[in-house]
Each structure stands twice: as C-alpha cells, then as structure tokens.
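Q: Dropping the structure in here first, questions after.
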Amino acid sequence: MAALEIDGLDVHYGGVHALRGLSLTVGEGEVVALLGNNGAGKTTTLSAVSGLVRPSAGRITYEGRDIIGAKASAIVRLGLVHVPEGRRVFSTLSVHDNLLLGGYAVRDQAEVKRRIDRVYGLLPRLAERAGQQGGTLSGGEQQMLAIGRALVTGPRLLLLDEPSMGLAPLVVAAVMDVIREINAEGTAVLLVEQNARAALKIAHRGYVIENGACVLTGTAADLRDDARVAEAYLGGT
Ligand code: ATP
C-alpha cells in the first residue's frame, strides 16, 4: 500500500485554479521530490494533503484511507506531519520547549521523551542548544528545529516545504543528510523544493509540476539526466 496517493486533485482559490488534476504517489519508505517554479502549486499540494485547504475535486488517500475533508488536527494524529515553509519555530521558547510542543497531542509522556532524545541524537546541535531561545538560532538550526519538532509528533509521512530555503550550500547539504537519515529509519517523505539539485540527490523519485499539473515524473536519476529538468531547474547542463 502506498503511503500517499493523490488522484485528479483540483484546488481553486476564488478565481485562481491552483491545482488542475494533479496526481502523484509516495510509496512506503520513499523520498519523493516535488519540483516546480514559483506558483506551480507545490505548497498548495502539501496544504491540501494536510487538510489546510479544501480541494474542489479529486482523491487523497493516506495509507489507504480517504483523508479529504478530515480536519488538519486529525490528519496529524494519523502520522502525516507537515513542516511548512519558513520554519516557524516559536522564537521566545527554548529549543527544548519547541520540541515538547511537537508532542502536544501525544498522551504517553515517556514516548515524547524518547522521541526528543532521538531528535537530540540525530541533531546534536539542538541538544547543545536545548536551553537557547528558538529565535536566536541560525537559519539552518531553525530548520533543524522545525524538522525535529515534526519528528516528536511521530510522523510516518513527512511533508517538507522548501527546507533549503535561504540556507547556505553546506547547510542545505546538512539538512538533506538529516532528511535522508529520517527516511532511512522508515519515514516516507514528500519533499517540495526549488533546489532541484539538492532534492534529487536524496529523492528516490520526483514529479515536476507546472500550472498545477504534473508535466514530468521519473526516478531521481532520470530527472537529473532529463534535458528539460536540467535547463529549467538545474541551471543548465
Ligand atoms: P512557491 O514556490 O512560490 O511557494 P508554489 O509552487 O508553492 O510556489 P503555491 O503557493 O501552491 O505555489 O501557489 C499556486 C498558485 O495558487 C499561485 O498562482 C498562487 O498565487 C495561488 N495561491 C496560493 N495560495 C493562495 C491563496 N491563499 N489565495 C489565492 N491564491 C493563492
């Protein structure tokens, strides 16, 4: 069974037709890159999956269950966790308290502690800064914290919206390494990126969307070698 199946999805914002029959699949254990230019509909796709916008047509199934119309809070509890663009850490709360918030819906406090310890193991920089205010972290550290908080929620499918945004190349590579490790431990990932080069290094497969519809799909290697992708998203060959 696929982790996520989107079939024929349409989203309208008033007169704007943002998604036009979009279909894509994320298999269990896969990292799937969703690529496209500004305004192509990448963020809208994630928002529709996590219940933040209501599609006008199409189907979304998560682990075989129809989730269209479900509340965002219910979708999170199913293990489908969205890390939105722009990081959004709580700037006046400590790193540790930001992580604790990721576990707000988890009843078992011992499990929350185990998950936070795992995040500190995966992201030692956060452990060193556990008492520091979120807003004083560097951009890369804030991105790590946003991902760490999502891990405390207990995702089986993680939706990541442009985690490389605004980060220096070395930091982008570090963030991508962390995503790869999270995936290696069994979490499927739908990764929205404008940085196609970085995304295709860790993705198994990818989709390119334009004007709200998929125009190209293939394995990460196929997409890297595709002349159209190279020209439009990799800065030429
Ligand atoms: P970017 O990389 O710039 O974030 P994107 O691929 O994520 O782009 P979306 O944010 O999904 O694109 O936007 C798709 C289209 O829908 C765009 O034309 C955008 O202007 C429009 N849109 C997005 N959100 C809204 C909204 N709340 N109200 C009206 N139009 C919207």
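Q: Run the accessible area of the chain with a 1.4 Å probe and give the carbon-and-sulfur part as a rounded percent.
A: Taking all protein chains in place, the chain shows 50 percent carbon and sulfur surface.
Q: Contact order normalised by length for the chain, with contacts defined as Cα pairs under 8 Å and 6 or more residues apart; what percent is it?
A: About 27 percent, as a whole number.
Q: If you don't mind, there's one more thing I want to ask. Taking the chain as a Gaussian network, Cα atoms linked when under 10 Å apart, which of T153, T136, T219 shows the biggest mean-square fluctuation?
A: T136
Q: Given a 1.4 Å probe, how much area per residue of the chain is accessible, in Å²?
A: 46
Q: Near K201, which lysines are there with a Cα under 27 Å away, not counting those fewer than 8 places off in the same chain?
A: Answer for K201, where 27 Å is the Cα cut-off: K42, listed by chain and number.
Q: Could you pull out the trypsin sites (Lys or Arg not before Pro) across segment 1-94 that fall in loop regions by DSSP (anything but H, G, I, E, B) with no more than 15 other Cβ atoms inside 10 Å?
A: Passing both the DSSP loop test and the Cβ count: K71, R88.
Q: Let me ask something else about it. Size of the dipole of the chain about the Cα centre, Lys and Arg at +1 and Asp and Glu at -1 on the beta carbon, nothing else charged, in debye to 20?
A: The dipole magnitude comes to about 540 debye.
Q: Alpha carbons only, please: Rg and Dmax for the chain, in angstrom.
A: When restricted to Cα atoms, the chain yields Rg and Dmax of 17.3, 51 Å.
Q: Let me ask you something else. Normalised radius of gyration for segment 1-52, please: alpha carbon Rg relative to 2.2 N^0.38 Å, two decimal places.
A: 1.17
Q: Now for a separate question. Per residue, how much space in cubic angstrom lies within the convex hull of the C-alpha atoms of segment 37-82? Could the numbers behind the result be given before it?
A: Details: hull volume 3.8 nm³, N = 46.
With only Cα atoms used, segment 37-82 gives 82 Å³ per residue.
Q: Moving to a separate point now. Residue by residue, what Karplus-based ³J(HN,Hα) values in Hz, rounded to whole numbers, does segment 3-17 have, using 6.51, -1.76 and 1.60 with θ = phi - 60° and x for Gly and Pro?
A: For segment 3-17, the Karplus curve yields 5, 9, 10, 10, 9, x, 7, 10, 10, 10, 10, x, x, 8, 8 Hz.
The values are calculated or read from the model by the stated rules, or taken from the named source; none is laboratory data. In this text the structure is predicted, and so the values were computed from the model without any measurement. Note: ideal-geometry Cβ built from the backbone for every residue, glycine included; neighbour counts use all protein chains shown. All accessible areas refer to the heavy atoms of the entire protein, side chains included, with ligands and DNA or RNA removed. Shrake-Rupley method; radii C 1.70, N 1.55, O 1.52, S 1.80 Å.
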